[in-house]
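Novice: Take a look at this one; I'll ask things after.
Readers should treat all values here as calculations from the given coordinates under stated rules, not as data from a laboratory. Here the structure is a predicted model, which means the values were calculated and not measured. Every residue, glycine as well, gets a Cβ built from its backbone with ideal geometry; the counts of neighbours run over all protein chains shown.
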Amino acid sequence: MMPIAPFSIDTRTIRPGDIFVALDGTKQKGYAFLAEAFQKGAALALCASHYRDEVSEALRPRVRFVGDPALEMANWASEHRSQFNKPVIGVVGSVGKTSTKQFLAYLLSKKKKVLATTGNLNNQLGLPLMLSRLNQAHDLAILEMGADHVGDLARLVRIAEPDKALLTPIAAEHLLGFGSLSGVYDGELEILQSPRLNTLVTVSGDPELDRRLSSSGWRGKIIRVGFSEAADIVLSGLRTENGKTFFEIQKQSVMLPTEASFLALNAGLAAAMAVEAGMSWAEIGGEWQPEMPKGRFAIRKIARDITVIDDTYNSSPKAFSAALEALSRMKFSGKRIVFSDMLELGSESARLHEALAEDIARSGVNAAWAFGPETRRTIEWLNRNSSVLDSRWFPDAESLARDLIQLVQSGDGILFKGSR
């Protein structure tokens, strides 16, 4: 059966006409919310068959009992996507997926009706929820697709079957699930399994990625974007000024509303894909005003002329390094960083937290203050090897916060780096 309306898995946000999927939570059984879902206007519900006897006879006519409601939702979403004969663009990679997706949606929405992933609906549950919102009024869909184990992306690809894909940088992230950096490459390149895929936009300057693409047997169009002259689409003239980031691409000048200079690469990837999707390069240039994810290098002034930089959307070695590089371009009386553990790094966690210390020491910051068991290694390395940094480790966030008020000074810029 085809979904006739968007899916919902939460009665707090369900809308009239939605299809309610009764999933079990850690504390509650999904079937317990069927009555509420119908009271709020659900047209139909999917529920696990083994709960049939728990559902009142009055509700049963509007309930489809299935073996696995989540799997059934995915199957319906896949069938629904197969009826959609317009482009579906998948956004994958280790870092920068959300901001790149936001840039791409901003550009393409100027001329087209776009369905783009909202929030964190990029996994085994979120992707079917997004696809169920797709209809023939849309000109295309931009679907963020996340993974933290080998095989995750392959399952999403079978549901969405993207025609084009945008692959952001691959880096050490979710190593607890992927097992190794090699596993990350294996997982992210499952995007090539889409039978419809004809175009891949990705970064230049990654020899391992180039080697794997060359040996993959995939013969679609590959467009590489980067700051090297070896790239197919070259970015140049990167600078930050007055809270903005500027760069050039294909003879077009672009201005981003942020001092997060590392986002220029994400913007370049989005621009290249937008042109593949029908825009001209002349339409790419100018001042961009996309909606940015919360906690993505958000800057605000507080008392005593102190600048707070909130970069707590996500934390990984590559994302941390990029944030430090952006901070190095900014001008403050003092540059401080406050951070916590980078998570899901598995057996590589100790090594990567010590490597982070080396990045911090080279970045030109004046102080590094951290909490969390893994960051203790980072601070200990800094205390052993850097005499100019004020490096302090705290047992918890509360004790750090108490001291932070006394440690910061007027004119400081403070980068908060963590993961939501």
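Novice: Under the rule of -39500 (n - 2.57) per DSSP H run of 4 or more residues, summed and divided by the residues of the chain, what mean residue ellipticity at 222 nm is obtained, to the nearest 500 deg cm²/dmol? All intermediate terms of the calculation are to be shown ahead of the outcome.
Specialist: On the way: 13 runs with 131 residues, N = 420.
The per-residue figure over the chain is -9000 deg cm²/dmol.
Novice: Among the DSSP beta bridges whose two residues both lie in the range 140-255, what percent are antiparallel, rounded to the nearest 5?
Specialist: In the range 140-255, approximately 45 percent of DSSP beta bridges are antiparallel ones.
Novice: How much of the DSSP bridge set in the chain is antiparallel, in percent, rounded to the nearest 5? Write out the running numbers ahead of the final one.
Specialist: Values: 15 of 67 bridges.
Around 20 percent of the beta bridges assigned by DSSP in the chain are antiparallel ones.
Novice: Another question, then. Can you tell me which of 376-384, 92-100, 177-185, 209-217 comes out highest on packing, and rank the rest after it, using the mean Cβ neighbours within 10 Å? Don't skip to the end; give the middle numbers.
Specialist: Details: 376-384: 18.9, 92-100: 25.6, 177-185: 17.2, 209-217: 13.0.
The densest-packed peptide leads the list: 92-100, 376-384, 177-185, 209-217.
Novice: Next question, about the same structure. Once you have a ≥ b ≥ c as the square roots of the Cα gyration tensor eigenvalues for the range 7-73, tell me rounded if a/c is under 1.5, and otherwise prolate or oblate according to whether a/b is larger than b/c.
Specialist: Because its axes are fairly even, with a/c under 1.5, the range 7-73 counts as rounded.
Novice: Separate question: Taking the Cα centre of the chain as origin, work out the dipole magnitude from +1 charges on Lys and Arg Cβ and -1 charges on Asp and Glu Cβ, in debye rounded to 20. Could the numbers behind the result be given before it?
Specialist: On the way: 49 positive and 49 negative charges, 195 e Å.
Dipole of the chain, to the nearest 20 debye: 940 debye.
Novice: Which shape class applies to the range 84-287: rounded if a/c is under 1.5, otherwise prolate when a/b exceeds b/c and oblate if not, where a ≥ b ≥ c are the square roots of the Cα gyration tensor eigenvalues?
Specialist: Values: a/c = 1.55, a/b = 1.19, b/c = 1.30.
Cα axes put the range 84-287 in the oblate bin.
Novice: Where both partners of a DSSP beta bridge lie in the range 84-287, what percent of those bridges are antiparallel, to the nearest 5?
Specialist: Just about 30 percent of them are antiparallel.
Novice: Excluding residues on the same chain fewer than 8 positions from K101, give the aspartates and glutamates whose Cα lies under 15 Å from its Cα.
Specialist: By straight Cα distance, K101 reaches E144, E276, E291.
Novice: Also: Which of the peptides 113-119, 261-267 is most tightly packed, and how do the rest follow, judged by the mean count of other Cβ atoms within 10 Å per residue?
Specialist: Working: 113-119: 17.4, 261-267: 25.4.
Averaged packing, sorted descending, gives the order 261-267, 113-119.
Novice: Now, a different point. Need the C-alpha centroid separation for the range 369-420 versus the range 233-294, integer Å.
Specialist: Using only Cα atoms to place each centre, the spacing works out to 33 Å.
Novice: Past 31 Å, Cα to Cα: identify those pairs from K110/K417; K97/K301; K110/K251; K111/K417; K112/K294; K294/K331, in the order given. Don't skip to the answer; put the middle values down first.
Specialist: Numbers: K110/K417 33 Å; K97/K301 27 Å; K110/K251 20 Å; K111/K417 36 Å; K112/K294 25 Å; K294/K331 23 Å.
Correct reply: K110/K417; K111/K417.
Novice: Picking from T240, L200, F227, whose Cα lies most toward the positive end of the charge dipole for the range 192-287 (charges on Cβ: Lys, Arg +1; Asp, Glu -1)?
Specialist: The residue sitting most towards the positive pole is L200.
Novice: Among (i) 23.3, 73; (ii) 42.0, 161; (iii) 28.2, 84, only one was calculated for this model; which label is it, if the read-out is Rg and Dmax of the Cα atoms in Å?
Specialist: Checked against the structure: label (i).
Novice: A follow-up question, please. Compute the Cα gyration tensor for the range 267-361, then decide on rounded, prolate or oblate, letting a ≥ b ≥ c be the square roots of its eigenvalues: rounded whenever a/c is under 1.5, prolate when a/b is larger than b/c in the other cases, and oblate in all that remain.
Specialist: On the way: a/c = 2.48, a/b = 1.40, b/c = 1.77.
Cα axes put the range 267-361 in the oblate bin.
Novice: Just need the relative contact order of the chain here, percent rounded to a whole number, with Cα pairs under 8 Å and 6+ apart.
Specialist: Details: 855 pairs, mean separation 48.2, N = 420.
Reported as a whole number, the value is 11 percent.
Novice: Over the range 7-73, what is the relative contact order in percent, taking alpha-carbon pairs closer than 8 angstrom and at least six residues apart?
Specialist: Details: 116 pairs, mean separation 20.5, N = 67.
Relative CO of the range 7-73 lands at 31 percent.
Novice: May I pose another question? Which GluC sites (Glu not before Pro) from the range 166-254 combine a DSSP loop assignment with at most 12 other Cβ atoms within 10 Å?
Specialist: E229
Novice: Which listed residue (S109, G93, L134) has the Cα farthest towards the positive end of the charge dipole for the range 93-169, taking +1 on Lys and Arg C-beta and -1 on Asp and Glu C-beta about the Cα centre?
Specialist: Farthest along the dipole direction, towards plus: S109.
Novice: What are the lysines whose alpha-carbon lies under 16 Å from the alpha-carbon of K40, with same-chain residues fewer than 8 places away excluded?
Specialist: Within the straight-line limit of under 16 Å, K40 reaches no lysines at all.
Novice: While we're on this one: Take peptides 160-166, 310-316, 359-365 and line them up by average Cβ neighbours within 10 Å, highest first, as a rough protection proxy. Don't skip to the end; give the middle numbers.
Specialist: On the way: 160-166: 24.4, 310-316: 21.1, 359-365: 17.7.
Going from most to least packed, we get 160-166, 310-316, 359-365.
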